[in-house]
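The values are calculated or read from the model by the stated rules, or taken from the named source; none is laboratory data. Only a predicted model underlies this, so the values are computations on that prediction, with no experimental measurement involved. Note: ideal-geometry Cβ built from the backbone for every residue, glycine included; neighbour counts use all protein chains shown. Ligands, DNA and RNA are excluded from the accessible area calculation, which covers all protein heavy atoms including side chains. Shrake-Rupley method; radii C 1.70, N 1.55, O 1.52, S 1.80 Å.
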Amino acid sequence: RMLSQRIMALLQSPALDLSKTEREETRRKLRAAISSLEVSHSVLSKAGPGGWPTGLPASIREIYWERPHRLDETLRRFLRDARQLADDLGKRPPGAEAVLKLRLASSSEKLLVSLDAAAGQYQAAGEGRVVGLKILQTRMTVGILLVLILVGALVFRPMVDRISREHAALEEL
């Protein structure tokens, strides 16, 4: 989400008013942000043996590939347009660049809505995992305590009884 916003902020800079070095620096920053967003998206959407991305819950897979969000398609379109704008920064006539920026802004709004939905699902899935881990931790603690009680009853109790008998025998002597 932050990368898409950074890309949009960099694209809002008045590229035609910048010097050549400033334009190149903006282009470099844009390409770096676009590449980072592409890498993070490819890691999340990388398909496993069954064709679905590994580790993605069903609710997030729906956001990525099904209506109304189709995050994968929206993100790829956004990245394509952003890369095109970055490559042509300051080379197009102002009107043509403005049209592409407008299309990218519209795409960005859709992207942010889909990213927010995905983030909400990731958070819900993460919270569910935390609850599951807490339950597992509680069960393990109870299990360990039961094993300790059992060991105390089966091992230490006979030892204490034997020591008590020997102590009683010593007192008799």
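When you go through (1) within 22 Å of Arg77 (Cα to Cα); (2) free of Cβ contacts under 8 Å to residues at least 60 places away in the same chain one by one for Leu112, which number turns out not to apply?
Tallying (1) within 22 Å of Arg77 (Cα to Cα); (2) free of Cβ contacts under 8 Å to residues at least 60 places away in the same chain, Leu112 fails exactly one: (2).
Could we say that Asp81 is touching a Phe, Trp or Tyr at 6+ places or on another chain (Cβ under 9 Å), among the acidic types (Asp, Glu) and surrounded by 16 or more Cβ atoms within 10 Å (Cβ to Cβ) here?
Spelling it out, it is not the case that Asp81 is touching a Phe, Trp or Tyr at 6+ places or on another chain (Cβ under 9 Å), among the acidic types (Asp, Glu) and surrounded by 16 or more Cβ atoms within 10 Å (Cβ to Cβ).
Each row is one residue, and each column tells you yes or no for (1) at pLDDT below 75; (2) within 20 Å of Met2 (Cα to Cα).
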| position | (1), (2) |
| --- | --- |
| Ile60 | yes, yes |
| Ile63 | yes, yes |
| Pro68 | yes, no |
| Leu102 | yes, yes |
| Ser108 | no, yes |
| Leu111 | no, yes |
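Quick one: how many residues across the range 118-173 are open to solvent by less than 60 Å² (accessible area, probe 1.4 Å) and closer than 30 Å to Leu75 by Cβ?
Going through the range 118-173 one residue at a time, the tally reaches 8.
Kindly establish whether Leu89 is open to solvent by less than 80 Å² (accessible area, probe 1.4 Å), at pLDDT 80 or above and in contact with a helix residue (DSSP H, G or I) (Cβ under 7 Å, 6 or more places away or on another chain). Please lay out each step first, then the result.
On the way: open to solvent by less than 80 Å² (accessible area, probe 1.4 Å): yes; at pLDDT 80 or above: no; in contact with a helix residue (DSSP H, G or I) (Cβ under 7 Å, 6 or more places away or on another chain): yes.
Answer is no for this residue.
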